[in-house]
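**Student:** Shown below is the structure under consideration.
The values are calculated or read from the model by the stated rules, or taken from the named source; none is laboratory data. Quantities reported herein were computed from a predicted structural model and do not represent experimental measurements. A quick note on method: Cβ atoms are made from the backbone with ideal geometry, for glycine too, and the neighbour counts reach across all protein chains shown.
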Amino acid sequence: MTYRPRHTINFDVPIATQPERLRWHQTESGPKMAELKSWLTDQIEQQKVEPNSGLGEAISYMLKHWEALTLFLRQPTAPLDNNVCEQALKKAILHRKNAYFYKTQNGARVGDLFMSLIHTCELNKVNPFEYLTQLQKHASELSSEPDSWMPWNYQDMLQRTNTL
């Protein structure tokens, strides 16, 4: 009853372009995913697994979402995982837990503002502490051109103000 793939997939293969990545996954991963789907289907159809059991429900869920699971076999830009979304959700949950300790609504608004800035900085690969420090140092320039001081473009503005 145990599913044991006969081959391992080497994810260390250097793939230069998206079409190459798609071709590689269709060639290497496609047959293995078809084998997995066949095994999952057999488990339910041949009643090797009780459909109402935890495993049966997991198999049914996986088969129900098969199209989304195998999107990487059809679209070259489809990610293999949703780690970005998972990490964003974890941060939102962590912030929600921390928000229990705000004493006032204004404190909660300030906390929300800072968490939003910190998450935006992280998404743009900017150090949040350095970014907030630069905003403090350049408060007068910030008030005149706030859109130029967003995390994704503040370093350009910082270079322009330092050269003046």
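**Student:** Going through region 57-69 one residue at a time, which ones are modelled with pLDDT of 95 or more and either of a type in the set (Val, Ile, Thr) or in contact with a helix residue (DSSP H, G or I) (Cβ under 9 Å, 6 or more places away or on another chain) (or both)?
**Tutor:** If the condition is that a residue be modelled with pLDDT of 95 or more and either of a type in the set (Val, Ile, Thr) or in contact with a helix residue (DSSP H, G or I) (Cβ under 9 Å, 6 or more places away or on another chain) (or both), then Ile59, Ser60, Met62, Leu63, Trp66 are the ones that fit.
**Student:** Can you tell me which residue is farthest from Gln87 (Cα to Cα) among those in region 106-164 that are surrounded by 12 or more Cβ atoms within 10 Å (Cβ to Cβ) and among the small types (Gly, Ala, Ser)?
**Tutor:** The extreme case among them is Ser148.
**Student:** Restricted to region 81-105, and to residues that are closer than 30 Å to Glu20 by Cα and without any contact (Cβ under 8 Å) to a residue 24 or more places away in the chain, which residue is surrounded by the most Cβ atoms within 10 Å (Cβ to Cβ)?
**Tutor:** Across region 81-105, the extreme among qualifying residues is Gln87.
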